[in-house]
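Step one of this worksheet: look at the structure below.
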Amino acid sequence: MNEIPNDSINSSYSETLAPKSTEIEQAILGALLSNPESFYLMEPTLTPEDFYSHANRLIYGEMVSMINSGQQTDLLTVFDRLRADGKEKESGGLPYLNNLIESSSSSVNLSQYAAILRDKSLKRLLLQTIARLEAEIGQRKTASAVQLIDTVQAEILKINPDEEGKSGFTSANQMLDKLTESMLDAVNAPDKIQGAESGIEEFDLLTNGFKPGQLIVLAARPSVGKTAFALQVARYTATVRSLPVAIFSIEMGKEEIIKRLVSAQSRIDISAIESGQLSALQWRTYYETMEVLKKAALFVDDSGLINLYRLKSKARQLKARLGKLGLIVVDYLQLIDDEGDTESQENRAMKLGALSRGLKLLAKELSCPILLLSQLNRNVENRPSRKPMLSDLRESGAIEQDADMVIFLYSLAKYGLEPGDSRTVYIELAKNRNGAVGQTSVIFDGEHQRFEEINAWKQI
């Protein structure tokens, strides 16, 4: 069968170099025209962009549009649609459609054909991306090698074999379907938090969990429990929700991290874990805890000096390896190295703002919440109430702007400003882009590196 000439092919590619199979494309279209019901049996689902031939792409695009609107797709209806849209000549018209049906084979091999076509489409996209990146690298004369590697890696990883050729735009119809699905999920499981969570019920109900694409800033003065709280969210997300978690610990080593995780999970004093002086019962609990944490997809990177480009690279690689990430923890913002960023603004505040913006974009790119720890400036300690404000975010107001949520940890009893247990800590949701703000009080059990609800603490 003669192929209709393709005038829309990227001029960078010759007919001989571009991976394609006209015969496979025609076999798929012929099978779908002969047996429209087979469209729903084809796996993977193809997009018009998967077809190399311009004519075949037009025909398949019209068929998909018709099927999505509930119309029948046969020889005459498809031809009528092409003619109505002014595409009769481009697509080859009725003679070409007749040839597709006459030359079609059984739809039994349709999925195998679709897989072959999708593979060739991905290879073409890869070649086009490489050519575009090569040109971009040549034009960005002042960019560092680290920045160029970051760009190349991000673009290559966008080529997802599981995605169906996204154009960058999402229709209102698709977005509403997804919204309805998430709302029905919430109705069917009203007690289920929709994102990564801490295990502190009152707080998790307030946030409804940390969701994909969100940047959550957790800020406090030193020794209030920032890292312990972040590890609690990480541990709960990995062990209870069974979601993969990546922890970038810039200040604390991985040995210290795992000790804290074991202490919190087992309720064995951190000092006993440090010394190894455990009772027989504690040893048994320790080994049970080991089994729980070993099954959890928890990953720690304790590189002492890490810049934004390396952090993004490692996170992308981990997601590519695991398929998804449920949470990324970064401890903490002010320790991220900006030495590799030759285009950063001169002052520290603007550099930190660039870092927080980069992490927000990474959260969206990886469809994963990022919990970013940050310091508060000393203004908190000079304030009589000792209560943090959004303006206390150290060195940069841009952090507040980029964050979907800002969470403060602070203690009043610790400074004798209120009666009660000195271990009482307030967890305040000071900013919530998609919901209410509020606070809850908890007990920070430093011996076991965990936060407990006050009512639960009284029962222990």
### Message
Output needed for segment 35-77: three equivalent-ellipsoid semi-axes, defined as square roots of 5 times the C-alpha gyration tensor eigenvalues, in descending order, whole Å.
### Response
16, 13, 9
### Task
Figure the gain on full extension for Gln194 and Ser69 (residue separation times 0.36 nm, minus the Cα-Cα span) and round it to one decimal in nm.
41.8 nm
### Task
Determine how large the accessible area of Thr77 is when every protein chain is in place; take a 1.4 Å probe and give Å² rounded to the nearest 10.
50
### Task
Could you quote the convex hull projected area for segment 237-290, Cα atoms only and averaged over all directions, in nm²?
4.2
### Query
Accessible area of Asp392, 1.4 Å probe, to the nearest 10 Å²?
0
### Task
In Å and from the alpha-carbon atoms only, list the Rg and Dmax of segment 244-378.
17.4, 58
### Query
How large is log10 I(q)/I(0) at q = 0.08, 0.10 Å⁻¹ when the Debye formula is applied to the Cα atoms of the chain, each weighted equally and without solvent?
-0.63, -0.86
### Query
Mind checking the log10 I(q)/I(0) for segment 214-265 at q = 0.17, 0.23 Å⁻¹? Debye, one equal scatterer per Cα, no solvent, two decimals.
-0.56, -1.02
### Message
Given a Förster distance of 60 Å, report the FRET efficiency between Thr77 and Arg140 from their Cβ-Cβ distance, rounded to the nearest 0.05.
### Response
0.75
### Query
Got a number for carbon plus sulfur as a percent of the chain's accessible area, 1.4 Å probe?
51
### Summary
Heavy-atom accessible area of Met175, protein chains in place, probe 1.4 angstrom, given in Å² to nearest 10, is 110
### Message
Please compute the Kirkwood hydrodynamic radius over segment 190-234, one decimal place, Å, based on all pairs of different Cα atoms.
### Response
11.4
### Query
At a Förster distance of 22 Å, what's the computed FRET efficiency of Glu447 paired with Arg284, Cβ-Cβ distance as r, to 0.05?
0.65
## Note on the structure
Nearest-0.05 FRET efficiency for Ile130 and Lys324 at R0 = 22 Å, using Cβ-Cβ distance, is 0.25
### Query
Accessible area per residue, 1.4 Å probe, Å², for the chain: what's the number?
51
### Message
Can you tell me, using C-alpha contacts under 8 Å and at least 6 residues apart, the relative contact order of the chain as a whole percent?
### Response
15
### Query
For the chain, list the DSSP H helices whose alpha carbon atoms reach 15 Å or more along the long axis and whose average Kyte-Doolittle value is 0.0 or above?
22-34, 54-68, 110-139, 145-157, 226-239, 348-366
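The values are calculated or read from the model by the stated rules, or taken from the named source; none is laboratory data. The shown structure was predicted, so the numbers you read here are calculated from the model rather than taken from an experiment. We place every Cβ from the backbone using ideal geometry, glycine too, and count neighbours over all the protein chains shown. Surface areas here come from the heavy atoms of the whole protein model, side chains and all, with no ligands, DNA or RNA. Shrake-Rupley method; radii C 1.70, N 1.55, O 1.52, S 1.80 Å.
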